[in-house]
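To start, the structure itself, in structure tokens.
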Amino acid sequence: MTYAIGEPLSAYAGLFKGFGWINIFGIIIDVLLLIPLIIFAVKFKNRKHGPVPKCFSIGEKIFIFICLVLMVWNLGLEEYAFKFNIYFELYLLSNIVLLVAYYAIWVSFFFKQRTWKRIATACIMLSVFIFSAMWLDHRALGSFVAWMGVTHVFVAAQDKYDTETDITAPSKKCNSLLNQS
């Protein structure tokens with residue numbers, strides 16, 4: 001199936017019928033969502049977490065994993081494609097805008113750690129799942145997004161950055177060495 005240059009983007013919505021059970025756009029979105037989280041886990045591996053109840057910590061991981069799987073697994077989309085052609089364009093546009101905002105806040109977070117930035121990234125990740133569930137008419141994803149949202153935002157809000165460190169600023173040890181000379 002080929003498409004001419006200049007055709008509306010909605011013409012590509014039919015591509016989902018050829019994917020079977022796998023949503024290739026969902027895989028791309030999942031990978032893009034996970035890259036900053038992996039960098040965060042590696043960069044801040046020795047960081048102490050805030051006081052989070054174990055049920056929220058475990059629930060967050062379970063619900064995020066389920067949402068990531070459901071973004072890839074087509075339930076119903078294979079048979080019906082998008083209800084309206086505009087839904088495909090809205091699906092791509094909303095995910096692109098949210099992913100750009102997600103990366104902008106993560107880049108900002110890696111330079112200056114602030115609690116509000118962690119909450120913002122959690123809310124944007126939640127929004128990606130909400131919009132995907134809405135445009136794909138994916139009821140299973142939509143139901144797990146609600147649970148993921150409660151646990152993920154709660155855990156992100158509990159992760160306080162007491163020092164609110166700026167990694168670009170010199171450390172206290174460097175300052176004391178500079179003051180000695």
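The values are calculated or read from the model by the stated rules, or taken from the named source; none is laboratory data. Only a predicted model underlies this, so the values are computations on that prediction, with no experimental measurement involved. Neighbour counts run over all protein chains shown; Cβ positions are idealised from the backbone, glycine included.
Worth a mention:
- Test set (1) crowded, with 17+ Cβ neighbours inside 10 Å; (2) within 20 Å of residue 31 (Cα to Cα) - residue 87 fails condition number: (2)
- With respect to the conditions (1) at pLDDT below 85; (2) surrounded by fewer than 17 Cβ atoms within 10 Å (Cβ to Cβ), residue 62 lacks only one, and its number is (1).
- Pairs where the first residue, in the stretch 91-118, is under 20 Å from residue 154 (Cβ atoms) and the second is assigned to a loop (DSSP other than H, G, I, E, B) and of a type outside the set (Phe, Trp, Tyr), C-beta under 7 Å, 6+ apart: 113/164; 113/165; 114/164; 115/159; 115/160; 118/159
- Scanning the stretch 23-58 for residues that are surrounded by fewer than 14 Cβ atoms within 10 Å (Cβ to Cβ), touching a residue at least 60 places away in the same chain (Cβ under 8 Å) and assigned to a helix (DSSP H, G or I) yields a total of 2.
- Checking each residue in the stretch 131-148 for being modelled with pLDDT under 85 and crowded, with 17+ Cβ neighbours inside 10 Å picks out 136, 138.
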